[in-house]
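A quick write-up on the structure given underneath.
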Amino acid sequence: MARGIGRAMEKALARKGEEPVPETRESLLMHPQRRELFRLLCLRPCATVGELAREAKLSANAVRWHLERLAAANLIVRDGSSYYPKGFIEPTDRPLFRTLAEPTARGVFRAVLEAPGSTQKELVEVLGVSRQSVFKVASLLEERELVSSIEDGRFRRYYPTGLLFTRREDNRPKARAFADSLLKRLHAGGLAPHVLRHTDRQFLVRIAWGRAAELLDLPMDPFTTALQ
C-alpha cells in the first residue's frame with residue numbers, strides 16, 4: 001500500500017511541474033455539460049443561470065462557470081442575467097425571448113395560440129394559475145406585441161398577433177449564417193466536423209478531438225422551440 005501511495009505522489013509531483021495544455025475555443029464543445037448548455041441556449045435563447053441549471057440538472061455555480069468559459073470563447077453573449085449564442089438571434093428580439101423564457105408566459109401564449117379569443121377566466125382554468133398571474137403575464141405579452149386583446153362585454157379576449165411567426169421567417173437567414181460560421185470555427189479549431197444534417201430546424205454535426213468523437217445537435221428554430 002505504501003509503495004502504491006509513493007508512486008502516486010511521484011506522479012503528482014511530476015505533473016505539478018508540467019505546463020497546462022491550453023484548451024482551444026472550439027474544443028470547449030467537446031465537454032458534455034458545455035455542449036448541453038450551448039444546445040439549451042439554441043433551444044431557448046436568453047435563459048438565465050437558474051433556468052439552465054434546472055434544465056441541465058446542474059448546480060448554478062457549475063452552470064455559471066461553464067457559461068463564463070463559453071462567453072470567453074466568444075461562443076455566447078451575456079445580456080444582463082441571461083445568455084444567448086452569439087450571432088444566433090437579433091439583439092432586438094432579446095426581450096421577446098426573455099419573456100417566453102418564463103414558464104407562465106410561455107403557457108399563456110401557447111394557450112392563446114391554441115384557442116384564439118380565450119378570456120382570462122378560460123386561461124385560468126386551462127393553466128391552473130391565478131387570475132392575477134394571467135392578467136400580469138397577458139399584459140406583458142401585449143407589451144411585447146405577441147398578443148392583442150379586445151373587450152367583449154364583461155370579458156377581455158386575447159388573440160395572437162402573428163409577430164412570432166414573422167420574426168421566425170425573418171430570422172431564418174441569420175440562423176443559417178450562424179450554423180455556417182460555427183462550422184468554419186470548428187474546422188479552424190481542428191475538430192474535423194462532419195455535417196450529418198443541416199435544415200431550418202436542426203444542425204447535427206459530428207465533431208472529433210483526438211480519438212474522442214461527439215455529436216453536436218443544435219435546434220435552429222428558436223421561435224418555435226422557445227415555446228416548448
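Remarks
- Computed from Cα atoms, the angle from the helix 131-143 axis to the main principal axis of the chain rounds to 80 degrees.
- Given their separation in residues at 0.36 nm each and the Cα-Cα distance between them, residue 212 and residue 228 gain 2.6 nm when the chain is fully extended.
- Cα-based Rg and Dmax for the chain, where Dmax is the largest Cα-Cα distance (Å): 22.4, 87
- Take 43-51, 73-81, 102-110 and order them by the average number of nearby Cβ atoms within 10 Å per residue, most first; the result is 43-51, 102-110, 73-81.
- Axis angle, to the nearest 10 degrees, between helix 2-16 and the longest C-alpha principal axis of the chain: 70 degrees.
- Stokes-Einstein diffusion coefficient of the range 96-163, Kirkwood radius over Cα pairs, 37 °C, 0.692 mPa s, in µm²/s: 284 µm²/s
- Sites residue 188 and residue 125 - FRET efficiency at Förster radius 45 Å, r taken between beta-carbons, to 0.05: 0.25
- Here's how it looks for residue 77: its modeled amide H is under 5 Å from those of 84, 86, which are all 5 or more places away or on a different chain.
- Ranked packing of 35-41, 125-131, most packed first, by mean Cβ within 10 Å: 35-41, 125-131
- At an R0 of 25 angstrom, the distance between the Cβ atoms of residue 104 and residue 64 translates into a FRET efficiency of 0.50.
Where a number appears in this text, it was derived from the coordinates with a stated rule and is not lab data. Nothing here was measured: the structure is a model prediction, and the numbers come from that model. For neighbour counting, all protein chains shown are included, and Cβ atoms are generated from backbone atoms with ideal geometry for every residue, glycine included.
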